[in-house]
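Below you'll find the structure, written out as structure tokens, and then a few comments.
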Amino acid sequence: MIVKNKDQRVAVLVDVQNLYYSARNLYGSRISFKNLLKISLADRVLTRAIAYVIKSDVSEKENEFFSAVHDAGFELKEKDLQVFPGGAKKGDWDLGIAMDAIRLGQKVDSIVLVSGDGDYVPMVVYLQHALGCLVEVVAFDKTCAKSLKEIADDFIPIEKHLDMLLFKTEKSVRRGVVPRNGVAGSLRPGNGENQPDRDRERVGSGSRSSGSGSASPRSGQRTVGRSRSGIAGLFKKPSSPK
């Protein structure tokens with residue numbers, strides 16, 4: 001547990017892909033980005049708040065979502081979803097978030113990373129030891145990588161703030177994903193993945209890719225796996241000259 005005081009300068013970096021699908025698949029709900037920023041900031045000095053999104057298609061629904069995130073106090077960084085011949089898709093912000101964290105780590109006292117992706121561990125170690133910057137992680141405890149939780153200076157599980165951070169949509173209530181009298185109290189992790197695809201609200205690509213190409217459980221399309229050394233490669237020690 002770290003000490004948080006009102007004079008600390010904080011940057012909040014949100015991996016929207018990771019957060020959005022965790023909320024939907026675990027609880028059939030959406031995230032309140034306004035309250036997310038409030039909890040992450042904890043009454044300290046906000047330097048930057050950035051939300052990283054993938055544009056999967058040009059639709060009014062997607063634009064409304066991006067506008068809502070911006071109105072909650074985040075600046076948006078957008079990247080188009082890459083579609084390769086054969087239907088393979090790729091879309092992630094891992095390297096972009098890592099580079100921004102390194103730049104901001106020299107100007108703030110703490111980086112709040114909103115993601116449960118274990119690929120960020122090398123970045124966290126670099127920020128802590130090379131820049132002397134605190135790193136706090138906000139994520140769902142059920143889906144956050146154990147290595148990321150252990151290395152962070154502070155871990156804030158979203159499950160402790162469900163009433164503030166999750167809200168229900170009428171579609172979720174109608175089809176029984178979320179009960180009207182609570183936030184998915186009886187929903188077990190993963191149940192959201194079994195809901196009908198017709199009401200799916202897309203934010204970026206439909207699946208996270210890792211390792212070699214893997215089949216999407218929804219569409220049967222194959223996704224291009226990102227290199228596991230992508231972020232880690234930024235922080236490797238240079239080899240000694242021969």
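The values are calculated or read from the model by the stated rules, or taken from the named source; none is laboratory data. What you see is a predicted model; the values in this text were computed from it and never measured. Methodologically, a virtual Cβ is constructed for each residue, glycine included, from the backbone with ideal geometry; neighbour enumeration extends over all protein chains shown.
Kindly check whether there is at least one residue in the range 123-130 that is crowded, with 18+ Cβ neighbours inside 10 Å, of a type in the set (F, W, Y) and touching a Phe, Trp or Tyr at 6+ places or on another chain (Cβ under 9 Å). Explain how you work it out, then say what you get.
Pass one, the range 123-130, residues crowded, with 18+ Cβ neighbours inside 10 Å: 123-124, 126-127.
Applying the additional criterion that residues be of a type in the set (F, W, Y) yields 126.
Restricting the remaining residues to those that are touching a Phe, Trp or Tyr at 6+ places or on another chain (Cβ under 9 Å) gives 126.
For the range 123-130, residues crowded, with 18+ Cβ neighbours inside 10 Å, of a type in the set (F, W, Y) and touching a Phe, Trp or Tyr at 6+ places or on another chain (Cβ under 9 Å): present.
Contact map, the range 50-69: first residue within 20 Å of S40 (Cα to Cα) and touching a residue at least 60 places away in the same chain (Cβ under 8 Å), second residue surrounded by fewer than 18 Cβ atoms within 10 Å (Cβ to Cβ) and among the acidic types (D, E), Cβ cut-off under 7 Å, separation 6 or more or different chains; pairs are V53/E78. Quick check: anything in the range 83-95 surrounded by fewer than 18 Cβ atoms within 10 Å (Cβ to Cβ) and within 15 Å of V14 (Cβ to Cβ)? No, the conditions are met nowhere in the range 83-95. When restricted to residues that are over 29 Å from P122 (Cα atoms) and out of contact with any strand residue (DSSP E or B) (no Cβ under 8 Å at 6 or more places or on another chain), the range 66-103 contains 5.
In the set (1) more than 13 Å from the chain's Cα centre (by Cα); (2) under 20 Å from A139 (Cα atoms), the condition left unmet by N5 is number (2).
Note on the range 40-61: residues that are surrounded by 15 or more Cβ atoms within 10 Å (Cβ to Cβ) and out of contact with any strand residue (DSSP E or B) (no Cβ under 7 Å at 6 or more places or on another chain) amount to 2. Criterion applied to L37, L76 was being without any contact (Cβ under 8 Å) to a residue 40 or more places away in the chain and buried (at least 18 other Cβ atoms within 10 Å of the Cβ), and the one residue passing it is L37. When D43 is tested against (1) at pLDDT below 95; (2) in a loop (DSSP other than H, G, I, E, B), only condition (1) is not met.
Mind checking which residues of the range 1-24 are surrounded by fewer than 20 Cβ atoms within 10 Å (Cβ to Cβ) and in contact (Cβ under 8 Å) with a residue 24 or more places away in the chain?
Residues of the range 1-24 that are surrounded by fewer than 20 Cβ atoms within 10 Å (Cβ to Cβ), as a first pass: 1-9, 21.
Listed by number, the residues that qualify are M1, I2, K4, N5, K6, D7, Q8, R9, Y21.
Going through (1) touching a helix residue (DSSP H, G or I) at 6+ places or on another chain (Cβ under 7 Å); (2) in a helix (DSSP H, G or I); (3) modelled with pLDDT of 55 or more one by one, E159 falls short only on (1). Screening A49 against (1) at pLDDT 95 or above; (2) in a helix (DSSP H, G or I) leaves a single unmet condition, (2).
Scanning the range 64-120 for residues that are at pLDDT below 95, acidic (D, E), more than 21 Å from S147 (Cα to Cα) and not in a helix (DSSP H, G or I) returns E78, D80.
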